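Reviewing the structure listed below.
The values are calculated or read from the model by the stated rules, or taken from the named source; none is laboratory data. Please read all numbers here as calculations on a predicted model, not as lab measurements. Cβ placement follows ideal geometry from the backbone for every residue including glycine, while neighbour counts extend to all protein chains displayed.
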């Protein structure tokens, strides 16, 4: 580090006169002028060396996919986006609303994300404070004894000095924007944390909704298994009676018993799975389920075709860039990396810093603040890098590479969002037809089972036909429940993929408009 003295200013011999003004020497005046000049530079702000930020072009198509798997109506643009639909207006099931509200208040992931935001905000405030000078109040007292044989004539052996001043410690004048670039970097990091918190909130609501739907589906499966156990119990009793009376073979009785035991095993499995679903909900809620809510969950043993969810306007792919919190967080990380390049560039240029103090000094504590005890000091310093062994160039190269990494991460976030929305739209266009087909399959299987049971009772067929028809009916009923669960989960995931769930209530109502040519 080399200290470069500033050149002397012209007219350094000017000394103000007057009985009421203290006389200022030429050296003092030059120092004051240098201070004023450097301060003016600081106030004017110098130049910024950060590259001009430009949002990367989205590496996705301008429209969502079309084809047999997609609903043609989804291609129509909407004035209101899915993100404008409040979560209470989307999740209209009262039990689910209570679950989501509890999770938003108590979930630990939400709390951690909120604390991360506050930490980033404090770091930004700390970085922003570096733009202003740091002023400290300093009070010192020194005592010194000099032996009489070394002291000057008529000089006391013991001397004391007292000083009280306000000091500015190495305040860097941000002529090249290094401090401002670091401040912009900290601001972008803070905003990225806030977007991440919103992303965690959206993910949490989707997880709670899917966990609730899974619980209801498993409870529906459990109820179906219990009904099957009851049916198989009656069939086994009847078959055993007929076998004991010689009207049926023993093989029919054992087949009926095997079907009964299989249904009992399914009942136990779904009881276990429903209990695990509750445990998953407790973890997401961040608190135990209340008795009132538990009673409501126990009564929800069916899974209807829908849970009063609002319709979703998909909008356009370009709107994901401003509605998805994870994409916005990735863009803020890119902005931070862009600002870091400016700080790395500014390190190549001289750094100007100011150190100074002003106060009172006296050899007597009682007269420390008396007239004529004013004391001040001023020390500007310019530090220019001469040899760093390539460290500055390596730091700049590293900043450019980090920006390229953030560009790739941003583009990947956009691609993932596009894929998630496209998958959701594909599900939205096909699950209705699938459920309709599954319902017809259940009706046909029920008719087959009823006919097979009637033929067995009339002695026209063996019990094997009844068992086969019953297995087909049981499997089709389970497939219908699973299809309904997948349809509802797809709707939830699409709401999340479109960036919905920012607000509690809707902003505007969705209205279709004509698509652009």
**Asked** From the residues in region 95-122 that are without any contact (Cβ under 8 Å) to a residue 24 or more places away in the chain and within 28 Å of residue 302 (Cβ to Cβ), which one is farthest from the chain's Cα centre (by Cα)?
**Response** 97
**Item:** Checklist (1) assigned to a helix (DSSP H, G or I); (2) over 24 Å from residue 177 (Cα atoms); (3) modelled with pLDDT of 85 or more applied to residue 57, failing item
**Value:** (1)
**Residues being under 17 Å from residue 231 (Cβ atoms) and in contact with a helix residue (DSSP H, G or I) (Cβ under 7 Å, 6 or more places away or on another chain) - total across region 432-454** = 7
**Fill in**
For region 65-93 the number of residues that are under 24 Å from residue 199 (Cβ atoms) and either surrounded by fewer than 14 Cβ atoms within 10 Å (Cβ to Cβ) or at pLDDT 80 or above (or both) is 9
**Message:** Just to be sure I understand, how many residues within region 225-247 are buried (at least 21 other Cβ atoms within 10 Å of the Cβ) and either modelled with pLDDT of 90 or more or not in a helix (DSSP H, G or I) (or both)?
**Reply:** 2
**Request:** Consider residue 182 carefully, then state whether it is closer than 30 Å to residue 383 by Cβ and either in contact with a strand residue (DSSP E or B) (Cβ under 9 Å, 6 or more places away or on another chain) or in a helix (DSSP H, G or I) (or both).
**Result:** yes
